[in-house]
Amino acid sequence: MCGIVGYIGKRDAAPILMEGLHRLEYRGYDSAGIAVARAGELRVAKCKGRVRDLEKILPDRFKGSPGIAHTRWATHGEPSDRNAHPHCDSANRIAVIHNGIIENATALRRRLAAEGIVFRSETDTEVLAHLIAKMPHDSLEGAVRAALQMVVGAYGLAVLDATRPNALVVARNGSPVVLGIGDREMFVASDPSALVRHTQSVVHLDDGEVAVLRADGFETSTLEGDPTAKTASTIAWTDDAFDKLDFDHFMRKEIAEQPDAARRTLSGRLEPRFQTAHLGGLALDARELLEVRRIKILGCGSACISATMGAHLIEQLARLPAHAEPASEFRYRNPVIEPDTLYIAVSQSGETFDTLAAVQEVKRKGGRVLGIVNVVGSTIARECGRGIYLHAGPEVSVVSTKTFTCTVMAFALLALHLGRIRDLSTAHGGRLLKALSELPVQIESILARDAEIAELARQLLACEHAYFIGRAAGYAVAMEGALKLKEVSYLHAEAYPASELKHGPLALITPQTPTIVVMPRDDLFTKNISTVEEIRARGGPILAITHAGDLPVSVEGRFDVPRSEPELDPILLNIPLQLLAYHVALQKGRDIDKPRNLAKSVTVE
Ligand code: F6R
């Protein structure tokens with residue numbers, strides 16, 4: 001998704017902005033651009049393609065300050081040089097970068113064109129540049145405010161006026177904007193990753209806020225001009241956390257980081273005295289939690305799949321009805337919000353538009369919602385106001401790996417906590433605590449067997465379709481395995497409940513369509529064996545993700561994960577499937593960290 005970075009201060013903005021653009025690359029984009037002010041004039045460079053393509057076309061003495069830069073993910077108008085941001089007014093005085101969508105852009109464009117303005121792009125953003133330029137205001141801030149009053153839609157934006165280089169104006173409505181406070185310099189970005197190299201001190205803008213940034217500080221106010229008070233917070237992540245180190249891909253690095261990330265998710269939360277989990281951020285006491293009759297979990301993509309695993313954990317351990325639903329569907333079906341239901345929003349980034357909209361819908365109807373989020377201070381975390389932070393560290397690869405694992409662990413902690421308030425025995429609680437604390441070492445032991453999984457991956461290279469099946473929580477493992485494989489390898493992978501195979505998809509099983517079967521040695525093991533027999537009878541190859549021990553059927557490949565408590569087994573069963581997707585993609589030569597058409601944080605509808 002689009003990325004914003006801006007700088008005002010004594011230094012030359014260009015190298016700071018270019019480095020910021022590199023930091024934003026992981027979000028997914030199709031073009032990039034930069035504008036700086038110099039001697040009362042704008043200098044602008046932009047092009048379709050990667051940030052390194054922009055670097056190639058930058059003139060030798062491209063210098064100036066303040067400046068703004070952008071990575072674009074096309075919404076209005078194809079990816080092209082002229083549609084790349086920044087966009088300028090006709091006099092090349094005002095430059096605008098913008099994330100989001102201006103919904104009344106067509107009407108505004110028609111009106112401006114009737115006044116004689118000639119548009120140079122097909123974007124909604126260019127409308128903003130012309131609108132701001134024509135406002136009869138003394139200050140840039142006043143002009144931006146007046147222009148935004150005419151606009152309907154979502155935006156995170158930064159505006160530069162070359163003739164008034166003492167300020168940058170930024171605004172937010174539905175798309176994140178974070179200010180970075182430096183030493184007599186200020187930064188702005190859509191994502192803290194672009195700021196951490198320069199400062200750890202940040203301020204998150206809220207929807208409907210405008211900020212004026214000067215080298216020596218900033219002021220914030222509402223769109224109507226009333227001042228707002230902001231408190232700076234500290235980003236816990238350092239610059240090194242965004243480094244690939246010796247790994248070839250961020251996906252591989254983040255898979256390898258899982259033992260440490262899992263330790264951080266657990267840290268300070270295991271409560272052996274009462275065989276339960278301690279979750280201070282819930283801000284709900286035992287009495288309030290006892291009143292909860294149902295749990296509804298919302299998220300998108302992998303977050304929704306982790307929510308499905310979370311729902312299984314809560315039902316098993318707390319015996320509370322729990323259900324996961326894609327946030328993107330929930331928000332549009334006029335959902336019934338019940339006072340005795342606890343809503344949970346799951347989001348790694350904390351910025352996913354559909355999940356945020358679902359949270360707002362729940363709150364608007366009086367529901368109680370808590371967040372399971374990785375990025376501290378992100379919009380969803382702030383909107384929920386209560387919840388569980390993962391502390392998994394930044395996830396740069398477009399596909400989720402470590403945050404998926406940590407989210408399921410956070411659900412395990414929550415389920416344990418809810419269970420121990422209800423009927424879960426101290427003995428069962430104690431077993432789960434022990435099993436949770438052993439998970440990081442067990443994950444390490446799986447990662448150490450990378451070569452075995454690379455070998456299994458070879459068996460998927462020749463096929464065009466693969467099936468993933470499992471039962472109960474094993475089906476959620478299958479869903480996540482299939483999603484990872486299709487995202488990074490572009491292989492068609494489909495997940496099915498093993499129990500449903502003979503109701504349709506069995507027709508597609510041939511010697512060319514391998515099935516990856518998630519089959520822990522649990523109560524459903526023999527059922528899974530029967531399904532495997534049915535697949536074998538149709539000549540379908542089988543790769544089993546299972547536990548050590550005899551398999552009463554022959555399989556083409558297997559990977560045994562260490563055993564945990566049955567409720568926690570899915571966490572370990574998922575790890576080899578992450579590596580499987582990685583190795584298939586590697587062997588197929590895919591762009592693993594930036595899969596085609598995908599973006600890290602989906603901040604538009
Ligand atoms: C899949 C993946 C996506 C995200 C989804 C939600 O590997 O990464 O499906 O899980 O876009 O993102 P967050 O968790 O940031 O809300």
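Here are the numbers for this structure:
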quantity: Wholly enclosed strands (runs of 3 or more DSSP E) of the range 334-425 bearing at least 3 residues within 16 Å of the ligand (Cβ to nearest atom) and not β-branched (Val, Ile, Thr); calculated: 341-347
quantity: Asp183 closer than 26 Å to Ala107 by Cβ, among the charged types (D, E, K, R) and assigned by TED's automatic domain parsing to the domain that holds Ala232; calculated: no
quantity: Count of residues meeting criterion [on the phi > 0 side of the Ramachandran plot and within 13 Å of the ligand (Cβ to nearest atom)] in the range 300-326; calculated: 1
quantity: Test: residue in the range 456-477 that is of a type in the set (Lys, Arg), closer than 20 Å to Leu573 by Cα and either touching a His at 6+ places or on another chain (Cβ under 7 Å) or open to solvent by less than 10 Å² (accessible area, probe 1.4 Å) (or both); calculated: no
quantity: Per-region count, the range 446-478, residues over 15 Å from Ser499 (Cα atoms) and either touching a residue at least 24 places away in the same chain (Cβ under 8 Å) or not in a helix (DSSP H, G or I) (or both); calculated: 20
quantity: The listed residue being within 22 Å of His249 (Cα to Cα), at pLDDT 95 or above and open to solvent by 10 Å² or more (accessible area, probe 1.4 Å), out of Ser425, Ser400, Ser437; calculated: Ser400
quantity: Residues (assigned by TED's automatic domain parsing to the domain that holds Val518, in contact with a strand residue (DSSP E or B) (Cβ under 8 Å, 6 or more places away or on another chain) and assigned to a loop (DSSP other than H, G, I, E, B)) located in the range 560-605; calculated: Val561
quantity: Qualifying residue in the range 261-283 (condition: within 16 Å of the ligand (Cβ to nearest atom) and at pLDDT 95 or above); calculated: yes
quantity: Subset tally (residues that are under 21 Å from the mean Cα position of the chain (by Cα) and of a type outside the set (Asp, Glu)) for the range 10-31; calculated: 10
quantity: Residue match in the range 197-206 (condition: without any contact (Cβ under 8 Å) to a residue 60 or more places away in the chain, open to solvent by less than 70 Å² (accessible area, probe 1.4 Å) and in a strand (DSSP E or B)); calculated: yes
quantity: Given (1) under 31 Å from the mean Cα position of the chain (by Cα); (2) basic (Lys, Arg); (3) in a loop (DSSP other than H, G, I, E, B), index of the condition Arg120 fails; calculated: (1)
quantity: Leu598 open to solvent by 10 Å² or more (accessible area, probe 1.4 Å) and within 16 Å of the ligand (Cβ to nearest atom); calculated: yes
quantity: Unique residue being touching a His at 6+ places or on another chain (Cβ under 9 Å) and not in a strand (DSSP E or B) when the list is Leu17, Leu112; calculated: Leu112
quantity: The range 20-30 - residue that is part of a helix (DSSP H, G or I) and surrounded by fewer than 22 Cβ atoms within 10 Å (Cβ to Cβ) and, of those, modelled with the lowest pLDDT; calculated: Glu25
quantity: All positions within the range 312-344 that are open to solvent by less than 60 Å² (accessible area, probe 1.4 Å), more than 20 Å from the chain's Cα centre (by Cα) and without any contact (Cβ under 8 Å) to a residue 60 or more places away in the chain; calculated: Ala322, Pro335, Ile337, Asp340, Thr341, Leu342
quantity: Among (1) of a type in the set (Asp, Glu); (2) more than 22 Å from Asn99 (Cβ to Cβ); (3) near the ligand (Cβ under 10 Å from one of its atoms), the one test that Glu329 misses; calculated: (3)
quantity: Filter result for Lys244 (open to solvent by 30 Å² or more (accessible area, probe 1.4 Å), assigned to a loop (DSSP other than H, G, I, E, B) and in contact with a Ser or Thr (Cβ under 7 Å, 6 or more places away or on another chain)); calculated: no
quantity: Residue identified as open to solvent by 30 Å² or more (accessible area, probe 1.4 Å) and either outside any loop (DSSP other than H, G, I, E, B) or among the hydrophobic types (A, V, I, L, M, F, W, C) (or both) among Asn173, Asn166; calculated: Asn173
quantity: Residue match in the range 125-145 (condition: open to solvent by 30 Å² or more (accessible area, probe 1.4 Å), under 30 Å from Arg596 (Cβ atoms) and assigned to a loop (DSSP other than H, G, I, E, B)); calculated: no
quantity: Test: Lys63 is assigned to a loop (DSSP other than H, G, I, E, B) and either buried (at least 22 other Cβ atoms within 10 Å of the Cβ) or touching a residue at least 12 places away in the same chain (Cβ under 8 Å) (or both); calculated: yes
quantity: Criterion violated by Asp81 - all others in (1) in a helix (DSSP H, G or I); (2) of a type outside the set (A, V, I, L, M); (3) more than 24 Å from Arg164 (Cβ to Cβ); (4) open to solvent by 40 Å² or more (accessible area, probe 1.4 Å) satisfied; calculated: (1)
quantity: Subset of the range 146-158 [assigned to a strand (DSSP E or B) and touching a His at 6+ places or on another chain (Cβ under 9 Å)]; calculated: Tyr155, Gly156, Leu157, Ala158
quantity: Meets criteria (more than 16 Å from the ligand (Cβ to nearest atom), part of a strand (DSSP E or B) and either farther than 15 Å from Leu580 by Cβ or open to solvent by less than 60 Å² (accessible area, probe 1.4 Å) (or both)) for Ile535; calculated: no
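Let's see how each residue does on (1) touching a strand residue (DSSP E or B) at 6+ places or on another chain (Cβ under 7 Å); (2) open to solvent by less than 40 Å² (accessible area, probe 1.4 Å); (3) touching a residue at least 12 places away in the same chain (Cβ under 8 Å):
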| position | (1), (2), (3) |
| --- | --- |
| Ser489 | no, yes, yes |
| Ala498 | yes, yes, yes |
| Leu506 | no, yes, yes |
| Val517 | yes, yes, yes |
| Pro520 | yes, yes, yes |
| Pro552 | no, no, yes |
| Gly557 | yes, yes, yes |
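The values are calculated or read from the model by the stated rules, or taken from the named source; none is laboratory data. The shown structure was predicted, so the numbers you read here are calculated from the model rather than taken from an experiment. Positions of Cβ are backbone-derived with ideal geometry, glycine not excepted, and every protein chain shown enters the neighbour counts. Note: areas computed on protein heavy atoms with side chains; ligands, DNA, RNA excluded. Shrake-Rupley method; radii C 1.70, N 1.55, O 1.52, S 1.80 Å.
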